[in-house]
Amino acid sequence: MKAKVGDWLVIERARLGQPRKAGKVVAVPKADGSPPYRVRWSNTDRVTVVYPGPDARIEEGAARGE
């Protein structure tokens with residue numbers, strides 16, 4: 001998985017009834033774009049460090065109209 005600042009990290013929930021979680025990537029410490037990422041979550045505006053799991057994907061910011 002590779003990301004850049006401005007992309008979105010989307011996490012699909014494995015359990016029925018859990019909402020999808022999405023956040024904007026605000027920092028990518030590694031030059032090659034690999035995790036971990038600092039993400040500002042859209043539902044809380046909190047910034048956390050994330051090591052994405054298999055239920056996550058990156059969407060380019062431009063693809064989301066950013």
*Somewhere in the stretch 20-40, is a residue of a type outside the set (Lys, Arg) and touching a residue at least 40 places away in the same chain (Cβ under 8 Å)?*
no
*Flag for Gly33 being on the phi > 0 side of the Ramachandran plot, surrounded by 10 or more Cβ atoms within 10 Å (Cβ to Cβ) and of a type outside the set (Val, Ile, Thr)*: yes
*Across the stretch 13-28, which residue is nearest to Val47 (Cα to Cα) among those that are out of contact with any strand residue (DSSP E or B) (no Cβ under 7 Å at 6 or more places or on another chain) and among the aliphatic types (A, V, I, L, M)?*
Ala14
_I'd like to check which strands (runs of 3 or more DSSP E) are fully inside the chain and have at least 1 residues that are touching a Leu at 6+ places or on another chain (Cβ under 9 Å) and either of a type in the set (Phe, Trp, Tyr) or modelled with pLDDT of 90 or more (or both)._
21-27, 37-41, 47-50, 56-59
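The values are calculated or read from the model by the stated rules, or taken from the named source; none is laboratory data. Worth saying up front: this structure is predicted, and the values here are computed from it rather than measured. Every residue, glycine as well, gets a Cβ built from its backbone with ideal geometry; the counts of neighbours run over all protein chains shown.
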